[in-house]
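Only one structure is covered here, and it is reproduced in the block below.
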Amino acid sequence: MQDFEARREIIKIALQLNSTGLSAGTSGNVSVRVKGGFLITPSGVKYEKLLPPDVVFMDMDGTAHGHFAPSSEWRFHRDIYKNRSHAKAIVHAHAPYSTALACLEKEIPQFHYMVAIAGAKSIRCAPYAPFGTVELSEAALGALDGRRACLLAHHGLIAYADNPEKALTLATEVEVLAQQYQLVLQMGEPKLLSDAEMEDVLHRFWTYGDNAQKADETKRTKPKLTHHPRATLPKRR
Ligand SMILES: [Zn+2]
């Protein structure tokens, strides 16, 4: 069996969709890009019963190879992989707070700096289209333009990343933001951060990721860690 580890990773993340409350039952799905196509959770099989051979391999032309049918929502996974070369893993969930906002066809605006975690100043909500359709793929791709996560109107959320663990983390962040935004809406009119403030956060996230990687490399090659000059605290005046 090919891609055994990737299949095990998909099952682990699918189980976490249930245990974290992000998706109940089999309503969510998880996929990972592999050579020649992608692996995806099958349709209608309880995650706790899934074994690595049950995970379905699909070609990029949409042909499934496996003893179960792929998730009925395989199409937007395929289309994201086709159109976003940097997408390596996708998590889709009918997470309660994200779905509630999506049922109002509301996006998550720049009310909190962490919104930038999805890659832009807002997390958009794609217009409604029935599950499994070309129209839903197109709507999702439009909402994901410049972003790694979006809401789907009257449906749920999508998050993609370099690996399944990171895609799940991003999906969880989106769900927490959706919950916080709803708390704010209950208390009044949200105050939004300015475009300049969000651009600053986006820059800081980018720099932080860059430096974090550099720090890891430094640890591997130099036991005595030297501080990056840009990481030093400003002098008190
Ligand atoms: Zn769905």
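The values are calculated or read from the model by the stated rules, or taken from the named source; none is laboratory data. Bear in mind that the values here come from a model prediction, so they are computed numbers and not experimental data. Methodologically, a virtual Cβ is constructed for each residue, glycine included, from the backbone with ideal geometry; neighbour enumeration extends over all protein chains shown.
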Flagged pairs (Cβ under 8 angstrom, 6 or more apart or on separate chains; first in the range 161-179, closer than 14 Å to PHE205 by Cβ; second aromatic (Phe, Trp, Tyr)) are LEU170/TYR160
> Any residue at all in the range 166-189 that is surrounded by fewer than 24 Cβ atoms within 10 Å (Cβ to Cβ) and not in a helix (DSSP H, G or I)?
Replying inline: yes
Pairing a residue in the range 16-30 that is assigned to a strand (DSSP E or B) with any residue that is modelled with pLDDT under 90 and within 11 Å of the ligand (Cβ to nearest atom), where Cβ atoms lie under 9 Å and the two sit 6 or more apart in sequence or on different chains, gives ASN29/SER23
Picking from LYS82, LYS46, the residue that is surrounded by fewer than 18 Cβ atoms within 10 Å (Cβ to Cβ), farther than 16 Å from ALA159 by Cα, more than 16 Å from the ligand (Cβ to nearest atom) and free of Cβ contacts under 8 Å to residues at least 60 places away in the same chain would be LYS46
For the range 142-165 the number of residues that are away from the ligand (no atom under 16 Å from the Cβ) and either of a type in the set (A, V, I, L, M, F, W, C) or over 24 Å from GLU9 (Cβ atoms) (or both) is 4
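ALA89: more than 15 Å from the ligand (Cβ to nearest atom) and touching a strand residue (DSSP E or B) at 6+ places or on another chain (Cβ under 6 Å), yes or no?
So ALA89 passes the test.
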Exception for SER72 within (1) part of a helix (DSSP H, G or I); (2) farther than 30 Å from PRO190 by Cβ; (3) of a type outside the set (A, V, I, L, M); (4) out of contact with any helix residue (DSSP H, G or I) (no Cβ under 6 Å at 6 or more places or on another chain) falls at (1)
Scanning the range 120-165 for residues that are among the hydrophobic types (A, V, I, L, M, F, W, C) and assigned to a loop (DSSP other than H, G, I, E, B), the one farthest from the chain's Cα centre (by Cα) turns out to be ALA129
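Any residue at all in the range 55-68 that is outside any strand (DSSP E or B), within 16 Å of the ligand (Cβ to nearest atom) and not acidic (Asp, Glu)?
The answer is no; no qualifying residue exists.
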Across (1) in contact with a strand residue (DSSP E or B) (Cβ under 9 Å, 6 or more places away or on another chain); (2) at pLDDT below 95, VAL34 clears everything bar (2)
Filtering the range 98-112 down to residues that are within 16 Å of the ligand (Cβ to nearest atom), surrounded by 19 or more Cβ atoms within 10 Å (Cβ to Cβ) and more than 19 Å from LYS166 (Cα to Cα) yields THR99, LEU101, ALA102
Any chance the range 121-128 includes a residue that's touching a residue at least 24 places away in the same chain (Cβ under 8 Å), charged (D, E, K, R), away from the ligand (no atom under 13 Å from the Cβ) and out of contact with any Leu (no Cβ under 6 Å at 6 or more places or on another chain)?
-> yes
Listed by first then second residue, the pairs whose first member lies in the range 93-117 and is closer than 10 Å to LEU151 by Cβ and at pLDDT 95 or above, whose partner is within 16 Å of the ligand (Cβ to nearest atom) and β-branched (Val, Ile, Thr), with beta carbons under 7 Å and at least 6 positions apart or on separate chains, are SER98/VAL174
Practice task
Check the range 22-38 and report whether any residue there is within 15 Å of the ligand (Cβ to nearest atom) and within 17 Å of GLN2 (Cα to Cα).
Solution key: yes
